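Take a look at the structure below.
The values are calculated or read from the model by the stated rules, or taken from the named source; none is laboratory data. Keep in mind that what you see is a predicted model, and the values were worked out from it rather than measured. Note that we place each Cβ from the backbone using ideal geometry, even for glycine, and neighbour counts take in every protein chain shown. When the accessible area is computed, the model is the full protein with side chains, heavy atoms only, and any ligands, DNA or RNA have been set aside. Shrake-Rupley method; radii C 1.70, N 1.55, O 1.52, S 1.80 Å.
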Amino acid sequence: MIARKYFIITALWAGLFVHAQNKQLLYDFTEVPQALMINPGMETDFSWYAGIPALSGISFQAGSSGISVNDIFADDGLNINDKVRDRAIYGMSVQDELSGTYQVEIFNGGFRGKDPSVFYSFGLYNEGDAIGYWFRDYAILGYEGNADRLNQRFDLSHLKTRGEMLNVFHFGVNKKVSSDLILGARGKIYSSIFDFNSVNNEGYFVTTEGQNNTFASTLNADLELRTSGVNAIDHAHDDDNIPATVIKRGLFGGDLGLGVDLGFTYYLNSQTVLTGSLLDLGFVYHANDVENFALQGSATIEGMEIILPDALSDPNQDFWQNLVDDVEGFIPFEKETTSYLTFRPTKLYGSIRYNFGEPMQGSAQCDCDYRTSGKGPNTVKYRNSVGGQLYVINRPRGPQSAITAFYQRRFGNFMAIKTTYTADKFTFTNIGLGASIQAGPVNFYLMADNLLAYRNIADSNYTSFQFGLNIISWGKK
Amino acid sequence: MKRIGTYLWVVFATLMIMSCVEEQDFDQYEDLSVTPTYEASILYLEVPERSINQLTGTNVYSRDFNFDAFSEDVFSKRVIDGVLTYEVENTTSKPLEVKIQFLDEAGTVLDTEQFVLGPEPTAVLINETYYGPYGEDINIIKNTSSIFVTATNLGDTLSTSSQANPMVTLKSSAKFKVRIKE
């Protein structure tokens, strides 16, 4: 009982505080190599870098657009049943979501090619991503039932969820095409560990006045849940062998896919920079350990119906069993193993940045400025940058977007900080702060989001952090 | 310059230290009660007058109908209280008695509903039986495995009603509250 309570509370926390993976602090933070992961066309001046294995990039983001832990569990003297009914069951809409992601880099590195205008990067990271929209009508049906709700349709399409865990092997190329333009692309191989999705559901349940009997109960369902790898994880759990199964499926032993990231940086003038990137334009083909479940059909029942004299024709017939068989025949629950394709949640970033203040020499050793690459690709850096960013992610209920205003300040080559203000469907008061510290070759970055929510974390709809540790070289002599 | 870095880390550390969580009372979870109420039809019986007139040698129609809906664990272990509603209508020319008995798996009679109907014209007879703390024993519902229906013709087998399509009908529905979470 206690374990179940804490499981539910933990799940609530995990679900409520998981958020779309907007990395607005890291985006175009050119001092941090991991920023290349969200814009392969980012401006780079490193000679090479190597992430500290498993510590080079860790990020976690969580949020909820509809409710917070404080809304339910605040010690406010209100009855929890009223709070659940008013704030969750009826307080949230089907557009409200519980979603999120985490990412852990296993390894990550990069090096400049013989052609100094080209920078290569590569690595492997593990990622988990999940989203669940508020299944409002299911919640009402489960919390209050169908009594005294004649003709009210409970919409089965409110069930919309997907999630996955996968490893991503990637190799990226970043090239300074001209003094004004940098292009980048990153190829990805996805090795899916598990996936589940139930996003194309339709149908309804309704109770109406019956033709013969008092009520007619109608279920019209077109529901589907597709899974891959879940069964393998479940069996591994039974065998106490989860790590080996996860590792095996994550190293090409699961379901595979391909994807690409694209990005660019373009100087509109000496101080104004336009950037953009399109991430995870890819798919995973699920053919291994697939289990799909479907409930499709329509049935209306009015209880057992015994109509004489027909009912006398077979004295042994079991009317109850016939009713159950009829329903199962009209709305069969089926399990099958057909392969399926999923598309990754594609993300789009864009920004415009204005650099100002006293120009300063970058970390790399070269005779260059922002328009002259010199021996290396280094550019002159300004102390200050200000600008705006756009973020869009493709989600099951359509694209979600966020806009960000930012200010960035560089303190020599030792440190850079970036502060952001972001508005999205989750919050309009999201202020974030990120810093990158360069101590010799060691780079450490730490970024935290929605800082105002730290006044009462339980009341937060969103929180995130990311940090990492790298060794960076600019090839200085 | 390193002083700036120090300041920055102080800012982060302060945020971490000064971050607050207003007091939460997770024990409230114990007070959360999820008890939805569901309703649906359960049994419909229709006996035309011509079928009654065709009965020979007896004036009684009776039948035991298997009915596992109430005894399924998903229901019987969660049901708290509820009501069974019957609507009986007789448009035949005969007085009738309709008896519904709830039986457990061993065939023991747990409860009986009886309706005596005069010949047409009669009003619809509606009866509600409550089960639970303020009604009949809810265990009657939990243990019901079959329904035994007896319809007795208290009149003759020759007369015919002046009503169109004369028959006796029994409608019944159940409305029960179940406990999803204690």
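Legend: residues in the stretch B:142-182 shielded by at least 30 square angstrom of accessible surface upon adding the remaining protein chains to the isolated chain (1.4 Å probe, heavy atoms) are B:LYS171, B:SER173, B:LYS175.
Across chain A, the relative contact order, built from alpha-carbon pairs under 8 Å that are at least six residues apart, equals 17 percent.
Each peptide in B:123-134, A:192-203 receives the mean, over its residues, of other Cβ atoms within 10 Å, and ordering these scores from highest gives A:192-203, B:123-134. Net charge in the neighbourhood of B:PHE75 (other residues with Cβ under 14 Å of its Cβ; Lys, Arg +1, Asp, Glu -1) is +1. For chain B, the spread of Cα positions along the three principal axes, ordered from largest to smallest, is 111, 38, 25 Å.
The slack between A:PHE343 and A:GLU328, meaning 0.36 nm per residue of separation minus the straight C-alpha distance, is 2.1 nm.
Take the Cα of B:GLN54, step 7 Å toward its Cβ, do the same at A:ASN200, and the gap between the two points is 5.0 nm.
Classify the stretch A:2-473 as rounded, prolate or oblate, taking a ≥ b ≥ c as the square roots of the eigenvalues of its Cα gyration tensor: rounded when a/c is under 1.5, otherwise prolate if a/b is larger than b/c and oblate if not. Numbers along the way, then the final one.
Values: a/c = 2.76, a/b = 2.07, b/c = 1.33.
The shape class here is prolate.
Size of the dipole of the protein assembly as shown about the Cα centre, Lys and Arg at +1 and Asp and Glu at -1 on the beta carbon, nothing else charged, in debye to 20? The partial results should precede the final answer.
Working: 51 positive and 78 negative charges, 1071 e Å.
Roughly 5140 debye for the protein assembly as shown.
Straight-line cross-link partners of A:LYS114 among the aspartates and glutamates, defined as a Cα under 15 Å from its Cα and at least 8 positions apart when in the same chain: A:ASP45. So how far, in whole Å, is the C-alpha centre of the stretch A:161-190 from the one of the stretch A:400-454? After rounding, the separation between the Cα centres reads 22 Å. Over the residues of chain A, the helix contribution to mean residue ellipticity at 222 nm works out to -3500 deg cm²/dmol, using -39500 (n - 2.57) for each DSSP H run of at least 4.
Since only A:ASN126, A:GLY254, A:GLY432 are under comparison, the one whose Cα sits farthest along the positive direction of the charge dipole of chain A, derived from C-beta charges on Lys, Arg, Asp and Glu, is A:GLY432.
Can you tell me how much longer the chain between A:ARG153 and A:SER117 gets when fully stretched, taken as 0.36 nm per residue apart minus their C-alpha distance, in nm with one decimal?
Working: separation 36, 0.36 × 36 = 12.96 nm, distance 6.16 nm.
Residue separation times 0.36 nm, minus the Cα-Cα distance, leaves 6.8 nm.
Please compute the length gained on full extension between A:PHE171 and A:ASN241, using 0.36 nm multiplied by the number of residues separating them and subtracting their Cα-Cα distance.
Numbers: separation 70, 0.36 × 70 = 25.20 nm, distance 3.09 nm.
Value of the extension gain: 22.1 nm.
Separation of the alpha carbons by more than 32 angstrom is noted, of A:LYS23/A:LYS160; B:LYS94/B:LYS177; A:LYS248/A:LYS425; A:LYS23/A:LYS176; A:LYS248/A:LYS347; A:LYS335/B:LYS181, for B:LYS94/B:LYS177; A:LYS248/A:LYS425.
At 1.4 Å probe size, with every protein chain present, just tell me what the per residue accessible area of the stretch B:34-178 comes to in Å². Intermediate results must be reported in sequence, preceding the final value.
Values: 6520 Å² over 145 residues.
Normalised by residue count, the accessible surface of the stretch B:34-178 is 45 Å².
Percent of accessible area on the stretch B:34-178 owned by carbon and sulfur, 1.4 Å probe?
48 percent
All other residues whose Cβ lies under 15 angstrom from that of A:GLU31 are scored, Lys and Arg at +1 and Asp and Glu at -1, for a net of +4.
Per residue, the accessible area of chain A comes to 41 Å² when a 1.4 Å probe rolls over the protein heavy atoms.
Quick check: at a probe of 1.4 Å, how many percent of the accessible area of chain A sits on carbon and sulfur atoms?
On the way: 11820 of 19410 Å².
Carbon with sulfur: 61 percent of the solvent-accessible area.
Qualifying chymotrypsin sites (Phe, Trp or Tyr not before Pro) in the stretch A:391-437, where qualification requires a DSSP coil assignment and no more than 11 other C-beta atoms within 10 Å, comprise A:PHE428.
Along the axis of the charge dipole computed for chain A (Cβ charges of +1 for Lys and Arg, -1 for Asp and Glu, origin at the Cα centre), the listed residues A:GLY110, A:VAL69, A:LEU452 are led at the positive end by A:GLY110. Interface area, chains A and B: about 5300 Å² of buried accessible surface, summed, with a 1.4 Å probe and ligands, DNA and RNA left out. Projecting the Cα atoms of B:GLY132, B:LEU84, B:ILE42 onto the charge dipole of the stretch B:34-178, computed from C-beta unit charges around the Cα centre, puts B:ILE42 farthest toward the positive end.
By the scheme Lys and Arg +1, Asp and Glu -1, what is the net charge of all other residues having a beta-carbon under 15 Å from that of A:SER228? Around A:SER228, the charge tally is -3.
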